[in-house]
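The values are calculated or read from the model by the stated rules, or taken from the named source; none is laboratory data. Worth saying up front: this structure is predicted, and the values here are computed from it rather than measured. Positions of Cβ are backbone-derived with ideal geometry, glycine not excepted, and every protein chain shown enters the neighbour counts.
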Amino acid sequence: MDRGACRHADANLARRRKVSISVIGAGGWGTAVSRLLALDGSDVTLWARRPRVAEAIDRERENVDYLPGIELPRKHLSVTSSLPEAIAAEVIVLAVPSFSMRGIMAQIATLVTEKKVYVNLAKGLDHDSHRTMSDVIAEAVDARGVFTLSGPSHAEEVGRDMPTAVVLAGCDQEMGRDLQSLFSTPRFRVYSSEDIHGVELCAAVKNVIAIATGISDGLGFGDNTRGALITRGLAEMVRFGREFVTSERTFFGLAGLGDLVATCTSKHSRNRFVGFRIGGGEPISQIMGDMKMVAEGVYATEIVHLLAEEKRIEMPITEAVYRILYQRASPREMINEMMTRPPKHEEA
């Protein structure tokens, strides 16, 4: 990964509590973050790609499709399907899937007339370039700053004001402190980091491991197997991160271990759910066709596997998930193969 996102952090936000914010993407996470910021007093515009969806959310004050049962405030929160209207804000929060990021940034690049601050929420890698989301953003626009917000943060729980802790990563520390204050509430604690690429790599790889734990659960295996997959999955994440000059501490923090545990165990985890259905014998094509929301790990698996092969990184769990998803390997046989690998010393 290059330093593209860091090269663009050239100015600071004014130190004030109230800043205009747009959230691009009205899925569950984009909706939950919009609600969080609006309830805290920020003026927020939520952008939905489809006019019908925007009109329904605005009218009902609920995102029935992606975050049902969560009431949205009428004060401080507007909803639109007009991208030019949405990007008028000072801070642009990008809550679109990783495979949509390059396309939406290309649209934004043709519309913006001044530098903005961008905060990425996507947990994946770019399919074509294999780069992180912050690099894709920085490549598309001349930004005041590019940041990534990540960690164990299921939309369903944030939308119900359950205590949550995340990490905001970016290269400009002063601007990062302003954003940290902007996003922090009594129920949403934000830590800071400068290791933006480490945070983004954690977010991508942990989804692959979550699919593996879901497969194990679907096969009927128990807590022992899940614990082993999470622990050895973390070792794979650390090995992967070392190749990209990231901080090893990041992988043991909220974006790494924290999000890994949540994603591998939660009933809200789409990636674990995909794995669970695969373990139960369903084909991946049927599973993906049934899902309303995106399971980033399916796409990340292919990219992470390719990068691991190129750099000769040992990642047996990722290899097994790749073969199951893309080569129709038997899940049970893949578990057996991992269990019968040659003995080795326990180390990351």
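Which one of these does Ile57 not meet: (1) in a helix (DSSP H, G or I); (2) surrounded by fewer than 22 Cβ atoms within 10 Å (Cβ to Cβ); (3) hydrophobic (A, V, I, L, M, F, W, C)?
Only one criterion in (1) in a helix (DSSP H, G or I); (2) surrounded by fewer than 22 Cβ atoms within 10 Å (Cβ to Cβ); (3) hydrophobic (A, V, I, L, M, F, W, C) is unmet by Ile57, namely (2).
Considering only region 156-163, I want to know if a residue exists there that is surrounded by fewer than 23 Cβ atoms within 10 Å (Cβ to Cβ), without any contact (Cβ under 8 Å) to a residue 40 or more places away in the chain, assigned by TED's automatic domain parsing to the domain that holds Gly41 and over 24 Å from Pro73 (Cα atoms).
There is no residue in region 156-163 that is surrounded by fewer than 23 Cβ atoms within 10 Å (Cβ to Cβ), without any contact (Cβ under 8 Å) to a residue 40 or more places away in the chain, assigned by TED's automatic domain parsing to the domain that holds Gly41 and over 24 Å from Pro73 (Cα atoms).
Here is a list: Leu46, Leu72. Which entry is in contact (Cβ under 8 Å) with a residue 24 or more places away in the chain and part of a strand (DSSP E or B)?
Numbers: Leu72 fails: part of a strand (DSSP E or B).
Exactly one residue qualifies, and that residue is Leu46.
Kindly evaluate Arg52 against the criterion of being in a helix (DSSP H, G or I), closer than 22 Å to Glu200 by Cβ, at pLDDT 95 or above and not small (Gly, Ala, Ser).
no
Can you give me the number of residues within region 94-103 that are buried (at least 21 other Cβ atoms within 10 Å of the Cβ), assigned to a helix (DSSP H, G or I) and in contact (Cβ under 8 Å) with a residue 60 or more places away in the chain?
Count: 1.
Got at least one residue in region 72-85 being surrounded by fewer than 23 Cβ atoms within 10 Å (Cβ to Cβ), basic (Lys, Arg) and out of contact with any strand residue (DSSP E or B) (no Cβ under 7 Å at 6 or more places or on another chain)?
Yes, region 72-85 contains at least one residue that is surrounded by fewer than 23 Cβ atoms within 10 Å (Cβ to Cβ), basic (Lys, Arg) and out of contact with any strand residue (DSSP E or B) (no Cβ under 7 Å at 6 or more places or on another chain).
Could you check, for region 252-273, whether at least one of its residues is in the same structural domain as His305 (by TED's automatic domain parsing), farther than 17 Å from Ala165 by Cα, over 19 Å from the mean Cα position of the chain (by Cα) and hydrophobic (A, V, I, L, M, F, W, C)?
No: region 252-273 contains no residue that is in the same structural domain as His305 (by TED's automatic domain parsing), farther than 17 Å from Ala165 by Cα, over 19 Å from the mean Cα position of the chain (by Cα) and hydrophobic (A, V, I, L, M, F, W, C).
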